[in-house]
Structure formats: C-alpha cells, structure tokens
1. Considering segment 79-101 alone, what residues qualify as being out of contact with any Gly (no Cβ under 8 Å at 6 or more places or on another chain), among the hydrophobic types (A, V, I, L, M, F, W, C) and open to solvent by less than 60 Å² (accessible area, probe 1.4 Å)?
2. What number of residues within segment 100-155 satisfy the criterion of being charged (D, E, K, R) and in contact with a helix residue (DSSP H, G or I) (Cβ under 6 Å, 6 or more places away or on another chain)?
3. Where the second residue is open to solvent by less than 10 Å² (accessible area, probe 1.4 Å) and outside any strand (DSSP E or B) and the first is within 12 Å of Thr73 (Cα to Cα) and lies in segment 105-120, which pairs have Cβ atoms under 9 Å and are six or more apart or on separate chains?
4. Determine, yes or no, whether Asp95 is assigned to a loop (DSSP other than H, G, I, E, B) and under 20 Å from Asp49 (Cβ atoms).
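The values are calculated or read from the model by the stated rules, or taken from the named source; none is laboratory data. Just so we're clear, the structure is a prediction, and the values are computed from it rather than from any experiment. When we count neighbours, we look across all protein chains shown, and the Cβ atoms used for this are built from the backbone with ideal geometry, even at glycine. Surface areas here come from the heavy atoms of the whole protein model, side chains and all, with no ligands, DNA or RNA. Shrake-Rupley method; radii C 1.70, N 1.55, O 1.52, S 1.80 Å.
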Amino acid sequence: MIRHFVVGFIVAAAAAGFVACGTPPDSQPTQPTATSAPIATTSSDATVDGFVGAWSPDTGDGASLDFDGPENTADRIIPDGVCRFVEFRVDREPDSRSAKIAFAARCANARIRGVGAGQLNEGILHWRARGVVALASGEKCEFKFVEGNKAVRVPEGLKVHYDGVVCDVAVAGTQLVKKKP
C-alpha cells in the first residue's frame, strides 16, 4: 500500500510540474521579449575619423598660426591664464579609437606646439600633449596638457577644451576651431 502511495505521489508531482512549466507548442508571446543587447553607436562616435585633420580658429580674415611656423619660443612668460589661436591636428592611429595629437597655440605669451596622444570615449576625444619652450634668456621650461583636455564635435566645427601648465603658469579654456581645407 505504501508503494502505491509513493508511486501515486511521484506521478502527481510530475504532472503538476508539467502543467506549471509547459506551454502549448502553438502559443506565441503577446509582446516582444526585452533583450539586453548593447545600443549601437554611429560610425562617427565609434572612430576618431570625425576628428582627423588640421583645425584652426576662424578669424574672419583667413589668418591663423601655422603648424609649420616658429615654435616653442617666448620673449617672456605672461601669467594671463589663457591660450589664443589654438590649432589642433589629429592623425588616426590604426586601431581607429586612438590618435596622434598636435596642439599649437600662444599660451602665457609663449608660442607652443606640443605632440601627444588622444583616445576616443563616447564620442569625446580625450587628449594630452607636452613640449619645451625656449625663452629669450636662453632658459627652457616645460609645458604640459595632460589631464582634463578634450575635443568635442559641434555643428560649427570642433571645441577644444584645454587645461595645462606653460612654464609653471596655469592655462585653461575652450577654443572653437574649424577644419582647414
């Protein structure tokens, strides 16, 4: 009798599990099932290609500093805290999310041109650059832009945010630049 009771209990448990877990083969879900697939990014956000090229300020008269002009010199350093005539050049690295960067400007009265690197993250190019300034006195001093620097695409061109030190003078700001033809 106990044997019949155990077999009956097992059959009843199996039937209850089948009813609870089984669905008819011809039934369809009434709404789509949500997935956790990653959101696709556009190709301009996925590579540095939208940043590649030489960029300079639009002065209205076509004038700008030239990347190939005199570099990294100053008669004297003036602690004005800004950079003017920012130029920015981006060359794509093979991995398409990294770039070689050249940053040129007149900062704290020094004409500088530094080289460095950039890394694309969520459509923002984070960059760093450094170099050495030759002063009229014959001394040399370092400039570096290593933290908090970024370039962002905007409809008018490229906004270059810089934050660095030129010969121990802090400089920070933003310059709108346009792509050189």
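1. Result: Val86, Phe88.
2. So the answer is 1.
3. Arg113/Phe67
4. Taking the combined requirement at face value, the residue satisfies it.
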